[in-house]
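Heads up, the thing below is written out as structure tokens.
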Ligand code: FES
Ligand code: FES
């Protein structure tokens, strides 16, 4: 076992971990942060995505030991002052949530995209979501949810 500190949702966790444990395992099994889903465990579905230093990453495919003192956000940490943030609300309002299993990963991917590009084209949205699998929605409403997020964030930025 080794000692590391993870900064998750702005909270510091001093942990003793097996160097072979993935971040997803640590989140779900040690910290009970179960919003990040274990869909495939092989980096193919995006259900386990978290933000690491602002970038969307599959937490099943990264070892926790490599994340000492990195800033990590899970879906549980995205609310704004206790309310859902704009992207979370947009997914609900666009009807982009059915069973919801893929939704945390979709929202994290959207946040990661918007951190890099605050006005993505539809092509860029589709490309960003390429690693996120949804078995329910057919993706149309998910793409609409990302577009709605962009529009609302622009309105907020422009004080409308
Ligand atoms: S569980 Fe990580 S990509 Fe599927
Ligand atoms: S809403 Fe069910 S997998 Fe996407």
Limited to the range 8-30, what total is found for residues that are closer than 18 Å to residue 61 by Cα and either surrounded by fewer than 17 Cβ atoms within 10 Å (Cβ to Cβ) or over 19 Å from the mean Cα position of the chain (by Cα) (or both)? 7
Could you go through the range 22-32 and let me know if any residue there is more than 6 Å from ligand 1 (Cβ to nearest atom), assigned to a loop (DSSP other than H, G, I, E, B) and touching a helix residue (DSSP H, G or I) at 6+ places or on another chain (Cβ under 9 Å). no
Output the qualifying pairs, or none if there are none: Cβ atoms under 7 angstrom, residues six or more apart or on different chains, first residue in the range 76-104 and exposed (fewer than 13 other Cβ atoms within 10 Å of the Cβ), second residue not in a strand (DSSP E or B). 79/85; 99/136
Quick check on the range 46-60. Is at least one of its residues assigned to a helix (DSSP H, G or I), modelled with pLDDT of 95 or more and within 18 Å of residue 107 (Cα to Cα)? yes
Taking the range 116-150, which residues are outside any helix (DSSP H, G or I), away from ligand 1 (no atom under 16 Å from the Cβ) and either more than 18 Å from residue 93 (Cβ to Cβ) or assigned by TED's automatic domain parsing to the domain that holds residue 47 (or both)? 117, 118, 119, 120, 121
Considering only residues that are free of Cβ contacts under 8 Å to residues at least 24 places away in the same chain and in contact with a helix residue (DSSP H, G or I) (Cβ under 8 Å, 6 or more places away or on another chain), look in the range 105-125 and name the one that is nearest to ligand 2 (Cβ to nearest atom). 125
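The values are calculated or read from the model by the stated rules, or taken from the named source; none is laboratory data. All figures in this text were calculated on a predicted structure; none of them were measured in a lab. Cβ coordinates were reconstructed from backbone atoms using ideal geometry, including for glycine residues, and neighbour counts include every protein chain displayed.
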